[in-house]
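Written out below as structure tokens is the structure these notes cover.
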Amino acid sequence: MNKNHIVVENIVVDVVKKDIRNLHLRVLPPNGRVMVTAPVRLNDHTIKLFVMSKISWIRKHRSKFEGRAIPSELEFVSGETHYFEGRPYVLNVIYHDSASRVELSDDGFIDLYVRLGSDQAQRGKVIEGWYRECLKVRLSGLIMKWEYIIGVEVSSWSVRKMRTRWGSCMVSARKVCFNLQLARKPLYCIEFIVAHELTHLIERGHNERFYTLMDRFMPEWRHCRDELNGRVVS
């Protein structure tokens, strides 16, 4: 399976290529994310033409999600929708007598194994730990990739909860920190934050030079930024 994304009329479209025969287009809750599943043989230009032909349908269905409330607090019970790397999954809580763990299924479920009697905080802690480990694996590879592309090297990096930022960079110490919530976001958004923070090792501020560098390293970075900030509009 091959994953990437394209941009059609300011809409970021996730593209998943599989060994299938036909194109499939979906608009997903809660914020109207657009996904196309396509045969491996099709190139991005053909897929983009297909999406353009469906743009009215996409706009109509994305409008259904506008103004729809998103629960502010998760209870970590069966049936809840949880996001992992941009894709929605249904949580399935399974009580057993062994150590707690999380398993991701191919049919759209996150299986959360916890001990009988586990409360909301305990269930949330297990999920959080799983998110943290998964994100660290992704970040490890992406940091190495972007260190090479940008020509910099970080001294250390970490993952923690952050209320107002997706990432931060201590330029003098060359230390980078990433928001745990990135584990819920699409991979291209995670990659954008990595590129963004590492670019600060060249240019500290958000000035013209910084944006010029970002345009050079990642031409579509603004679409990723807007999606993270909830500003992707049709």
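The values are calculated or read from the model by the stated rules, or taken from the named source; none is laboratory data. Please read all numbers here as calculations on a predicted model, not as lab measurements. Quick reminder, even Gly has a Cβ in these numbers, built from the backbone with ideal geometry, and neighbours come from all protein chains shown. Side chains included, ligands, DNA and RNA excluded: accessible areas come from the protein's heavy atoms. Shrake-Rupley method; radii C 1.70, N 1.55, O 1.52, S 1.80 Å.
Go through region 30-52 and report how many residues are assigned to a loop (DSSP other than H, G, I, E, B), open to solvent by 50 Å² or more (accessible area, probe 1.4 Å), more than 15 Å from GLU227 (Cβ to Cβ) and touching a residue at least 24 places away in the same chain (Cβ under 8 Å).
Going through region 30-52 one residue at a time, the tally reaches 1.
Which condition number does LEU187 fail, the rest of (1) closer than 28 Å to LEU104 by Cα; (2) surrounded by fewer than 18 Cβ atoms within 10 Å (Cβ to Cβ); (3) modelled with pLDDT under 90; (4) not aromatic (Phe, Trp, Tyr) being met?
Condition not satisfied by LEU187: (3).
Could you tell me which residue of region 1-29 is surrounded by the fewest Cβ atoms within 10 Å (Cβ to Cβ), considering only residues that are assigned to a strand (DSSP E or B) and of a type in the set (S, T, N, Q)?
Here is the first cut: in region 1-29, the ones assigned to a strand (DSSP E or B) are 2-8, 11-18, 24-28.
Still in the running and of a type in the set (S, T, N, Q): 2, 4.
On the way: ASN2: 9, ASN4: 13.
Applying the filter and picking the extreme gives ASN2.
What number goes with the only condition from (1) in a strand (DSSP E or B); (2) out of contact with any helix residue (DSSP H, G or I) (no Cβ under 8 Å at 6 or more places or on another chain); (3) not small (Gly, Ala, Ser) that ILE127 does not pass?
Status for ILE127: all satisfied but (1).
Exactly one condition in (1) in contact with a helix residue (DSSP H, G or I) (Cβ under 7 Å, 6 or more places away or on another chain); (2) within 16 Å of LEU198 (Cβ to Cβ); (3) surrounded by 14 or more Cβ atoms within 10 Å (Cβ to Cβ); (4) at pLDDT 95 or above is false for CYS134; which is it?
(2)
Go through (1) modelled with pLDDT of 90 or more; (2) buried (at least 17 other Cβ atoms within 10 Å of the Cβ); (3) of a type in the set (D, E, K, R) for ARG101 and report which single condition fails.
Every listed condition holds for ARG101 apart from (2).
Just one of (1) in a loop (DSSP other than H, G, I, E, B); (2) in contact with a Leu (Cβ under 9 Å, 6 or more places away or on another chain) trips up ASP107, so point out which.
Answer for ASP107: the failing condition is (2).
Suppose we filter VAL90, VAL102 for residues that are aliphatic (A, V, I, L, M), under 19 Å from the mean Cα position of the chain (by Cα), closer than 30 Å to ILE11 by Cβ and part of a strand (DSSP E or B); which single one remains?
Working: VAL102 fails: closer than 30 Å to ILE11 by Cβ.
Exactly one residue qualifies, and that residue is VAL90.
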